[in-house]
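Structure first, commentary second.
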Amino acid sequence: MTEVGIDAIEIETGKLKLDLAETFAPAQGEDPGKYTKGLGLDASSLPDTYEDIVTMAANASHRLMKRKGLEPEDIGRIDVATESAFDNSKPVSTYVAGCLEQVFDGDFLHANKGERKFACVAGTQALDDAFNWIRAGRNQGRKALVIATDTALYARDDPGEATQGAGAVAMLIDENPDIVTFEPEQGFGSADETDFLKPNQQFPSVDGKRSMQVYLARMREAMQDFVRNGGDVHPENFAYVPFHTPFPGMVRKAAPLGYRHCVRGTDIEEALAEEIGPQPRSDEFDTSEEFLDAITEYTKKLQETDQYREWYERAVEPTVDISSQVGNWYTGSVHLARVSGLFDALDAGRDVTGKQLLVASYGSGAQAEIHAETIQSGWQDELEAMTIFEQIEDRHDISFQEYEDIHDVHNHDETTDVEPMTTPHEEFVFDGWGRMGERQYRYVE
Ligand code: CAA
């Protein structure tokens, strides 16, 4: 069977940087440690006045297609995953294709375009759709472009405001890919939840604390389903474990629960039992409360063990590096985590070709998905071609006044007239509204 996976990735960050410790914390009257240590975030990427989900998606896709020498006719499918769409009918992928047609000679006339929605897990679902399309042989030799793009902004003074972010991750899905192939086993945990939603409104309604519990519950179910479906989860078999990262502190909470599950019945559990006792099993307790207390106590002890710490520092911590600098990119977040982990291997000069990733995606509302990927021999060249760290470095560091202004620009309920804070160069920009209320874009040389 043909191997299918991610052949190339390009990332576009919002051009503005909100420093959480230096700028946001003092204005909120909060200790900077809440952001840097508690949530694990140093800064958020925010969009300038002329940036939005379309410009970021189109800029990342343009760079990807140019670098890979692709023409529009080579692409048979464009799927955009987003939680920040501004139209209930016309998909963002049509706007992105329209932008790209301004700079390429050909067109996307015969490409199937769509938009995927299930909160942050939609990016992974769109990868899944592309995988199935190619595996079914319906691609006729063409490739799929999957783009996860979001402006993840919260209402002012919502606790989620600290976790904002904006950016796009464009991924080329193809046969015999250069970066990773997708393994067929999957696990899902999915339930009707009311923890984070955007009922036709721009800023989310969030029950932050509950959303964290729902994240953990769905991840546990997805892990159980993955194992039931034949997935291997032995912690030593994975180079990295990229999680959906709304903020790194969330991953810090999810990782020990995942590890506890992954070591069950393995040599690692036996070794751990000598140090901290065996894992409590539910059938050993009379009530669920007693079991919960025992498992909570066990998990605390687990996090103190060398085995756990070494695994976390090797396989999980490196995956939240980019996130800590840019915040939550919703649909793009787990795909940043994958790249972040691979950059760790690149920086360390470690060849991870043939090794696996265990990818844990999540979307509020709520659904988790777990699958494995195998790293391919072209991963180093692909990573070296990416410019994400230069882009992060080049962001314009905004003052709190500028933050207030730019937040209002992206608040659909406000009318503002704010000047751009950066100068666009060789990129797509938002260029005002058309006669039917459509957003318009142009390429700036
Ligand atoms: N030094 C060190 N740590 C500090 C500190 C200090 N001075 N002050 C606070 N902290 C710690 C706190 O102890 C806490 O850590 P623990 O949870 O480990 O105890 C952490 O910093 C955050 O502090 P609070 O809990 O007081 O923060 P908060 O209540 O103001 O907000 C939040 C936290 C609820 C997550 C909020 O940011 C939020 O609502 N975020 C949006 C929702 C979200 O991201 N949910 C995640 C799961 S849902 C999902 O994943 C989908 C998605 O992308 C949205």
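The values are calculated or read from the model by the stated rules, or taken from the named source; none is laboratory data. The shown structure was predicted, so the numbers you read here are calculated from the model rather than taken from an experiment. Positions of Cβ are generated from backbone atoms using ideal geometry, with glycine treated the same way; all protein chains shown enter the neighbour counts.
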* Asked: Out of the stretch 118-149, which residues are under 14 Å from Ala168 (Cβ atoms) and in a helix (DSSP H, G or I)?
  -> Ala122, Gly123, Ala126
* Within the stretch 161-254, which strands (runs of 3 or more DSSP E) (wholly inside it) include 2 or more residues that are within 16 Å of the ligand (Cβ to nearest atom)? -> 165-175, 180-190
* Of the conditions (1) away from the ligand (no atom under 14 Å from the Cβ); (2) part of a loop (DSSP other than H, G, I, E, B); (3) of a type outside the set (Ser, Thr, Tyr), Glu275 fails just one. Which one is it? -> (2)
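Just a yes or no: is a residue in the stretch 258-268 within 30 Å of Ala166 (Cβ to Cβ), within 11 Å of the ligand (Cβ to nearest atom), within 20 Å of the chain's Cα centre (by Cα) and in contact (Cβ under 8 Å) with a residue 24 or more places away in the chain?
Checking the stretch 258-268: not a single residue is within 30 Å of Ala166 (Cβ to Cβ), within 11 Å of the ligand (Cβ to nearest atom), within 20 Å of the chain's Cα centre (by Cα) and in contact (Cβ under 8 Å) with a residue 24 or more places away in the chain.
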* Conditions: (1) touching a helix residue (DSSP H, G or I) at 6+ places or on another chain (Cβ under 6 Å); (2) at pLDDT below 95. Gln201 meets all but one. Number of the miss? -> (1)
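Considering only strands (runs of 3 or more DSSP E) fully contained in the stretch 1-115, which possess at least 1 residues that are within 16 Å of the ligand (Cβ to nearest atom)?
The strands (runs of 3 or more DSSP E) meeting that bar are 16-19, 43-46, 75-81.
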* Asked: Hey, any hits in the stretch 286-295 for a residue that's assigned to a helix (DSSP H, G or I), within 16 Å of the ligand (Cβ to nearest atom) and in contact with an Asp or Glu (Cβ under 8 Å, 6 or more places away or on another chain)?
  -> no
* **Number of positions in the stretch 181-201 that are surrounded by 15 or more Cβ atoms within 10 Å (Cβ to Cβ) and within 17 Å of Ala155 (Cα to Cα)** => 4
